[in-house]
Amino acid sequence: MKKMFAAAAVIVAVSATACKKTGEGEYTVEKPVVGTVTDTVHTPVVETSMESTTVAVPKVVTDSTTIKVPHVEVKRP
């Protein structure tokens, strides 16, 4: 278990040093292969905005009427 934790710590340390930011949304990454290969990775750009639109809502006309409903009253002894 200690060996596995130590190996994971070494991998994290190596991967943290093999990547550096070269511009806005751009990173240079060194991949561990036989030798070293350097790639430039472009991160995606997400743009958000709010837009307005018009929705047609139908008018509902209701008539009121009187209905009879039962009324139950329970008297406890």
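The values are calculated or read from the model by the stated rules, or taken from the named source; none is laboratory data. It should be emphasised that the depicted structure is a prediction, and the values quoted were computed from it without experimental measurement. Backbone-built Cβ (ideal geometry, glycine too); neighbour counts: all protein chains shown.
Surrounded by fewer than 10 Cβ atoms within 10 Å (Cβ to Cβ), at pLDDT 60 or above and of a type outside the set (Gly, Ala, Ser): is that true of VAL34 in this structure? Considered against the rule, which asks whether it is surrounded by fewer than 10 Cβ atoms within 10 Å (Cβ to Cβ), at pLDDT 60 or above and of a type outside the set (Gly, Ala, Ser), VAL34 comes out as yes. Consider segment 33-77 and keep the residues that are assigned to a strand (DSSP E or B) and among the aliphatic types (A, V, I, L, M). The one that is nearest to THR22 (Cα to Cα) is VAL41.
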